[in-house]
Amino acid sequence: MTEKLPLGIENPLQDIIKPKPFYFTEFGASYLGDSLELMKKLPDESINLIMTSPPYALVFKKEYGNVDAHEYVDWFKKFAKEFKRILTEDGSLVIDIGGSWNKGKPTRSVYQFELLIELVKEFHLAQEFYWYNPAKLPSPAEWVTVRRIRVKDSVETVWWLSKAPFPKADNRKVLQPYSKDMQRLIEKGYKAKKRPSGHNITNKFGKENGGSIPPNLIQVGNTDSSSNYLKMCKKKGMKPHPARYPKELPSFFIKFLTEPGDLVLDPFCGSNVTGYVSQENKRRWIGFELKDEYLLGSEYRFPAVYK
Ligand SMILES: C[S@@+](CC[C@H](N)C(=O)[O-])C[C@H]1O[C@@H](n2cnc3c(N)ncnc32)[C@H](O)[C@@H]1O
């Protein structure tokens, strides 16, 4: 599947990061290794957006006992220091981080909130987002389907952090189709009035603005079953990455927070969904990953990869 290097094709990141990539494409390059070490090779203020889903506290779970939130936060802090150094002044750091249950109890760990509280010492919280995955299965079975004392956990937190209070962002790039009610209202025109809430709504409310402003709740089922990535993994007998996020999630933030030509980094890139959607949107990208099997599989996401 790796293409022979055609004349004139060069690693687009070669002037920014020196180590040999695992593979590269027209728009980006992936590197095998510990992102903490690899990030040290990136120049200051070279990255416009860090879009990532780090290993969750699950990985840090002790065999017996709870997720150790402090341990997780201490581990993450070392990465955060590099994130801050390599981000441009108007850059953003977006972290999709799933929740976790305390072992043996129907109670929740707060590790992702502790992480947020630590991170806002160095970054601004531009906005918190929630990813609602309606396709999530009910778990842990003991509390949800057997004893019936908790409900389905189907929301993940996504922290949008920034180096400065006014990071590059434009919600006009992520407008959503109007609802039927709103379409009707635009057609008929809206009469200015005071809402029961006390808000004064002017007749500008009924203006056609090309779509509605999205909320900070992103609804997308993690249900990919037909991508080329999955088909090729199956064909080659490779295990697909077990914790992929749906492409709609990075796609939203890449369109919202960057422009074509900007550089997006995923320091925990797994099957490189981030690189793939960056490329789709004509952004340059870098992916770092510890395990070569994940990077090998990720090659199938791209029309052509070069070594
Ligand atoms: C939650 S997964 C990311 C999945 C990815 N978003 C996708 O959709 O395929 C986290 C990844 O981080 C990788 N990882 C963990 N520690 C790392 C490190 N220090 N440097 C680079 N990658 C690391 C793991 O191997 C894992 O593939």
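General observations
- A viscosity of 1.306 mPa s and a temperature of 10 °C, combined with the Kirkwood radius over Cα pairs in Stokes-Einstein, give a translational diffusion coefficient for segment 92-205 of 87 µm²/s.
- Under Karplus coefficients 6.51, -1.76 and 1.60, residue-wise ³J(HN,Hα) of segment 187-193 in Hz, glycine/proline x: 5, 7, x, 10, 8, 4, 7
- Semi-axis lengths, Å, segment 239-307, gyration tensor of Cα atoms, sqrt of 5 times eigenvalues: 20, 13, 10
- Remark on segment 38-145: Rg and Dmax equal 15.9, 50 Å (Cα only).
- From phi via Karplus (6.51, -1.76, 1.60), per-residue ³J(HN,Hα) for segment 14-24 in Hz, x at Gly/Pro: 4, 7, 9, 9, 7, x, 6, x, 6, 7, 9
- DSSP finds beta bridges in the chain, and of those with both partners inside it, around 50 percent are antiparallel.
- Neighbour-count order for LYS255, LYS78, fewest beta carbons within 10 angstrom listed first: LYS78, LYS255
- Taking Cβ atoms as reference points and 13 Å as the exclusive limit, the residues near TYR132 contribute a net charge of -2, counting Lys and Arg as +1 and Asp and Glu as -1.
- Greater than 26 Å apart at Cα, pairs in LYS41/LYS163; LYS234/LYS291; LYS103/LYS239; LYS236/LYS307; LYS204/LYS247; LYS282/LYS307: LYS103/LYS239; LYS204/LYS247
- Whole-Hz couplings from phi, Karplus 6.51/-1.76/1.60, listed for segment 221-235; x for Gly and Pro: x, 8, 10, 4, 9, 10, 5, 4, 4, 5, 4, 6, 4, 5, 4
- Candidates ALA141, ALA164, ALA29, ranked by Gaussian network fluctuation over the chain, Cα under 10 Å, top entry: ALA141
- The tail of the calculated P(r) for segment 189-307, taken as Cα-Cα distances beyond 24 Å, holds 43 percent of the pairs.
- With only Cα atoms counted, the chain has Rg and Dmax values of 21.3, 67 Å.
- Taking Cβ atoms as reference points and 13 Å as the exclusive limit, the residues near PRO12 contribute a net charge of -1, counting Lys and Arg as +1 and Asp and Glu as -1.
Taken together, the values in this text are just the output of simple stated rules run on the coordinates, not laboratory data. This one's a predicted model, so the numbers in the text were calculated from it and none came from an experiment. Every residue, glycine among them, receives a Cβ derived from its backbone with ideal geometry; neighbour counts consider all protein chains shown.
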